[in-house]
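What follows is a set of notes on a single structure, which appears directly below.
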Ligand SMILES: [Zn+2]
């Protein structure tokens, strides 16, 4: 398949319906992609009718996207606006697209990238590595709690991974990221609002029966709530595996205790 230049770029960015106008590098070395939406019209936010009469656009916005060649990358776009002729007072609506949410500072693809980075890591670490604030990472977690999953697109769920992320600043203690492997790639399935057994179990029970049958391994930390939730929903069929990160943490602790004890003995 030979793609036109613009289609190639749009495909590489993972955003269909985008026309790339200009790519530049700013003084910080960040990549700035100036683009426009090729989609036409939107739904009126008052009456819900499809509207396509353009009106003056708002200010341009800059959205953080996946890094390109290791550089921080932003998409700069001016959201299109439309006026509704069905409503008496002719309200205007900003075009809604599926790759970013209004008032957010990053694309949905970037949010997924951050969620994957959070696995076996902490909010502080991810915020330092990506050079974004703690609040932005926390906002990404919050926004991705209970998003809908298109189960029809998933053929099988051989492995499930459960990772808890500690939130020290917010009102919550922990959120949970559920992952799976699809065609050899780690994918985010869901972000759960807390690590209670009931919450995890409720999520497992939402998995359609057809897919629940395909689960073979649940990989989690050693938190008993997760282990029991998995055993109760998937019964004997499933193997619960402790994630090596947490196993390593435990044996390192024991080894450290032995080392200290030996040091004290030798000093005597
Ligand atoms: Zn309307």
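No value in this document is a laboratory result; all are computed from the given coordinates. Keep in mind it's a predicted model, so treat the numbers as computed, not measured. Please note: Cβ atoms are built from the backbone with ideal geometry, for glycine as well, and neighbour counts cover all protein chains shown.
Values for this structure:
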| quantity | calculated |
| --- | --- |
| Helix-only [θ]222 nm of the chain, DSSP H runs n ≥ 4, -39500 (n - 2.57) each, per residue, nearest 500 | -9500 deg cm²/dmol |
| Relative packing of peptides 49-55, 108-114 - highest average C-beta neighbours within 10 Å first | 108-114, 49-55 |
| Angle in degrees between helix 134-143 and the longest Cα principal axis of the chain, rounded to the nearest 10 | 80 |
| Calculated P(r) of the chain - Cα pairs past 23 Å, % | 64 |
| Rounded to 10°, Cα long-axis angle of helix 244-267 versus longest principal axis of the chain | 40 |
| Most fluctuating residue given options 212, 143, 244, as computed from a GNM of the chain linking Cα atoms under 10 Å | 244 |
| Length-normalised contact order for the range 1-105 - Cα pairs under 8 Å, 6+ apart - percent | 23 |
| Per-pair calculated FRET efficiency, R0 = 35 Å: residue 258 and residue 173 via Cβ, rounded to 0.05 | 0.65 |
| Inter-label distance, nm, simple model (7 Å from Cα along the C-beta direction), residue 213/residue 267 | 6.3 |
| Mean separation of Cα contacts under 8 Å, 6 or more apart, over the residue count of the range 148-268: relative contact order % | 22 |
| Highest-MSF residue in the chain out of 214, 36, 150 [GNM, Cα springs under 10 Å] | 150 |
| Centre separation in Å (Cα based) which lies between the range 135-179 and the range 83-106 | 28 |
| Nearest 10 degrees, 0 to 90: helix 108-117 Cα axis against the chain principal axis | 10 |
| Ranking of 245, 203 by count of other Cβ atoms within 10 Å, fewest first | 245, 203 |
| Fluctuation leader among 131, 153, 243 - the chain, Gaussian network, Cα springs under 10 angstrom | 153 |
| Gain in span if fully extended, residue 87 to residue 187, counting 0.36 nm per residue against the direct Cα distance | 31.8 nm |
| Between the range 228-268 and the range 192-218, the alpha-carbon center distance in angstrom | 25 |
| Spin-label pair residue 128/residue 5, simplified geometry with 7 Å Cα→Cβ offset, distance in nm | 4.2 |
| Percent RCO, i.e. relative contact order, over the chain, from Cα pairs under 8 Å lying at least 6 residues apart | 10 |
| Cα gyration tensor shape for the range 173-219, rounded if a/c is under 1.5, else prolate or oblate | oblate |
